[in-house]
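The values are calculated or read from the model by the stated rules, or taken from the named source; none is laboratory data. What you see is a predicted model, and the numbers here were worked out from it, not measured in a lab. All Cβ positions, even for glycine, are placed from backbone atoms using ideal geometry, and neighbour counts span all protein chains on display. Heavy atoms of the whole protein, side chains included, go into the accessibility calculation; ligands, DNA and RNA do not. Shrake-Rupley method; radii C 1.70, N 1.55, O 1.52, S 1.80 Å.
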Amino acid sequence: MEESRIAEPIGSALDRFIKSKQNQFAYASGELSQLLRDIALASKVVNREVNKAGLIDIMGSLGSLNTGGEQQQKLDVLANIRFSRALMKGGEACALISEESESYLDLNNDGKYVIAIDPLDGSSNIDVNVSIGTIFSIYRRKSKPGTPIQQEDILQKGSEQVAAGYILYGSSTMLVYTTGHGVNGFTYEPTLGEYFLSHPNMRQPINGKIFSVNEGSYKSFSQSVRNYLHFCKDEGYTGRYIGSLVADFHRNLLKGGIYIYPATAKDPNGKLRLMYECNALAFVAEQAGGKASNGKERILDIQPTSLHQRTPFYVGSKNMVELAEQY
Ligand code: P6P
C-alpha cells in the first residue's frame, strides 16, 4: 500500500504527520512543512495571548479600524504581526494578504507561496470570552520567484489553493487543515507546546439538523433565504449561531449543519471575505465531503477581482447546501 495511505496513529505530532504526508504535496515537500510550521508556531503565540487576554491589558479595541472599517481589537493587530513575522522568518512566503492590511504585504521575494489570512476572526468576541479563530489559505505563486509579485499571484481562485485550514482558539485549541488529500485535525497540548493528531480524516455528515445564521437580519434576507429558514424550522432543526465563523464552521463540520451569511441590507454582497475567510473554509468543507457556495456557484470557482471582496456564504453538509441553493 502507498506509504501515504497508511493512517497516522492518533497522537502523532503535527511535524511527524506533515513529514509522513509529504509525498502527497505536489511541490517540494519541505516547503509545505515549513509553511505549516510557521503557521503553527504563530498560532501557539497567539493562543497564549488569547488565553491570557483577560489578565493582560490587551483587551478592548485599539481605537483604529481595519480595511473593512471594523473596530480593530488589540489582539487582531497582535495576531497579524505574529503571523506576518513567522511567515517572513520561515522564508517560504512571497506575499501575505490579510484582513488587517489594505494591500498585500511583500514578504520574501524568492518565496514560492502566497498566503491569505484572517489572523483573528470573530475578534469582537474576545472581550466576552467566546471562541475565536485564524483562517488561512496557501497558494503557489504564478510568477517566477525573485521577480516582482504580479496581480495573477494575488487574485487566484479558491480552486488554486494548495493548502488551507484554520485554528480554533476554543475550550481547546485545534489546528485543522487540508492539502487536498482529506482533512485532519490536531489538538494543542500547551504544556508540551505541540499539536497532536486528534481527528484523522475528518468527514462532514452529508446531512445535518443544525442551521447557523444571524436571524437579527431576517428582515433584509431575500424571500428565498427566508423560505429555506422556514423549511429548517418546519423540520425542527436546531439553531446554533455563535457569532464566530470558525467556531460555527467547526461544530457543523463535526456534527453536520449549514452556516449561512447571505446578502443583507447592510452587506449586499454578504459580510464574509472571499480571499481569507470563505475560500479556505470552502476547501476544507469540500475535502471533508461538504459543500460551499455563494447561493448560486461554487465558492472555489469565483474569480476574485479585489483583495477584500465579500461574498454571500453557504457552507456545510452537502445535502443542506444543495437544498439551500435550490431555494
Ligand atoms: P454578525 C465575525 O465578525 C464574523 O466575521 C464571523 O466570525 C461571524 O460568523 C460573523 O462575522 C458574525 O457577523 O453580522 O452575525 O454579527
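Per the listing GLY69, GLY111, GLY91, GLY146, the residue uniquely farther than 22 Å from ASP38 by Cβ and more than 19 Å from the chain's Cα centre (by Cα) is GLY69. Checked across the range 272-286, the condition of being more than 14 Å from the chain's Cα centre (by Cα) and within 16 Å of the ligand (Cβ to nearest atom) holds for no residue.
Conditions (1) outside the structural domain of VAL45 (by TED's automatic domain parsing); (2) touching a Phe, Trp or Tyr at 6+ places or on another chain (Cβ under 8 Å), marked per residue:
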position: ALA163; (1), (2): no, yes
position: VAL176; (1), (2): no, yes
position: HIS181; (1), (2): no, no
position: ASN184; (1), (2): no, yes
position: GLY216; (1), (2): yes, no
position: ARG226; (1), (2): yes, yes
position: LEU245; (1), (2): yes, yes
position: GLY256; (1), (2): yes, no
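Kindly provide the set of residues from the range 121-138 that are part of a strand (DSSP E or B) and within 10 Å of the ligand (Cβ to nearest atom), ordered by number. Let's see the steps before the verdict.
In the first step, residues of the range 121-138 are kept if they are part of a strand (DSSP E or B); the result is 121, 132-138.
Once the filter is applied, which keeps residues that are part of a strand (DSSP E or B) and within 10 Å of the ligand (Cβ to nearest atom), the range 121-138 yields ASP121, ILE132, GLY133, ILE135.
Under the condition of being within 16 Å of the ligand (Cβ to nearest atom) and in a loop (DSSP other than H, G, I, E, B), the residues counted in the range 196-221 number 3.
Whenever a residue of the range 300-327 is more than 23 Å from GLU160 (Cβ to Cβ), its partners that are in a helix (DSSP H, G or I) and open to solvent by 30 Å² or more (accessible area, probe 1.4 Å), lying with C-beta atoms within less than 7 angstrom and at least six residues away or across chains, give the pairs TYR327/SER224; TYR327/ASN227.
For LEU78, state whether it is surrounded by fewer than 23 Cβ atoms within 10 Å (Cβ to Cβ) and under 15 Å from ILE138 (Cα atoms).
Values: surrounded by fewer than 23 Cβ atoms within 10 Å (Cβ to Cβ): yes; under 15 Å from ILE138 (Cα atoms): no.
Taking the combined requirement at face value, the residue does not satisfy it.
The number of residues in the range 230-261 that are over 25 Å from the mean Cα position of the chain (by Cα) and either open to solvent by less than 60 Å² (accessible area, probe 1.4 Å) or within 12 Å of the ligand (Cβ to nearest atom) (or both) comes to 4.
Applying the set (1) open to solvent by 20 Å² or more (accessible area, probe 1.4 Å); (2) more than 16 Å from the ligand (Cβ to nearest atom) to GLY182 leaves exactly one unmet item: (1).
Just give me the residues in the range 208-229 being surrounded by 12 or more Cβ atoms within 10 Å (Cβ to Cβ) and among the charged types (D, E, K, R), in sequence order. Give the derivation first.
Kept after step one, since they are surrounded by 12 or more Cβ atoms within 10 Å (Cβ to Cβ), are these residues of the range 208-229: 208-215, 217-218, 220-222, 224-229.
Within the range 208-229, LYS209, GLU215, ARG226 meet the criteria.
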